[in-house]
1. Output yes when any residue across the stretch 1-14 is surrounded by 12 or more Cβ atoms within 10 Å (Cβ to Cβ), closer than 24 Å to residue 113 by Cβ, in contact with a helix residue (DSSP H, G or I) (Cβ under 8 Å, 6 or more places away or on another chain) and outside the structural domain of residue 114 (by TED's automatic domain parsing), and no when none is.
2. Of all residues in the stretch 97-112, which are buried (at least 18 other Cβ atoms within 10 Å of the Cβ) and either farther than 26 Å from residue 53 by Cβ or at pLDDT below 90 (or both)?
3. Being surrounded by 13 or more Cβ atoms within 10 Å (Cβ to Cβ), at pLDDT 85 or above, not in a strand (DSSP E or B) and not assigned by TED's automatic domain parsing to the domain that holds residue 116: is that true of residue 19 here?
4. In the stretch 41-55, which residue that is assigned to a loop (DSSP other than H, G, I, E, B) and in contact (Cβ under 8 Å) with a residue 24 or more places away in the chain is surrounded by the most Cβ atoms within 10 Å (Cβ to Cβ)?
5. Determine whether residue 78 is at pLDDT below 85 and out of contact with any strand residue (DSSP E or B) (no Cβ under 9 Å at 6 or more places or on another chain).
6. For residue 72, all conditions in the list (1) over 15 Å from residue 125 (Cα atoms); (2) without any contact (Cβ under 8 Å) to a residue 12 or more places away in the chain; (3) part of a helix (DSSP H, G or I); (4) under 19 Å from the mean Cα position of the chain (by Cα) hold save one; what is the number of the exception?
7. Out of (1) assigned by TED's automatic domain parsing to the domain that holds residue 120; (2) surrounded by 13 or more Cβ atoms within 10 Å (Cβ to Cβ), what's the single condition that is false for residue 58?
8. Out of curiosity, is residue 28 modelled with pLDDT under 85 and farther than 24 Å from residue 125 by Cα?
């Protein structure tokens, strides 16, 4: 099995055409490390990031919809973490309030949000916000 994704693979995963994928690759808008070599300009090492990018593209989510889905995943992760600990899970509204409070108090809210999104993706729920 090969360890890279081609533009055809990304087109199949995302539902866009190969030409659109090539244009995004030329513009540097596809995350992930590119495989360098003769004739291999648009091959990407097969990390979770590139595959996830293609899945998000297939859903054709706007930035706002993507942020909302990420917040839903963070809330679910916090509730799951508390259930795994045997504690009573907090109310979803309490978790959302704590997420926005921490983002508001943060010096770098974008980096904090990325940290939480990465923690949800890697299922490291201990890195998610703690609700008092």
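1. Scanning the stretch 1-14, I find at least one residue that is surrounded by 12 or more Cβ atoms within 10 Å (Cβ to Cβ), closer than 24 Å to residue 113 by Cβ, in contact with a helix residue (DSSP H, G or I) (Cβ under 8 Å, 6 or more places away or on another chain) and outside the structural domain of residue 114 (by TED's automatic domain parsing), so the answer is yes.
2. Answer for the stretch 97-112, where residues must be buried (at least 18 other Cβ atoms within 10 Å of the Cβ) and either farther than 26 Å from residue 53 by Cβ or at pLDDT below 90 (or both): just 98.
3. no
4. 42
5. No, not satisfied.
6. All conditions pass for residue 72, except number (1).
7. All conditions are met except number (1).
8. no
The values are calculated or read from the model by the stated rules, or taken from the named source; none is laboratory data. On a predicted model such as this, the values are computed, not experimentally measured, just so you know. Positions of Cβ are generated from backbone atoms using ideal geometry, with glycine treated the same way; all protein chains shown enter the neighbour counts.
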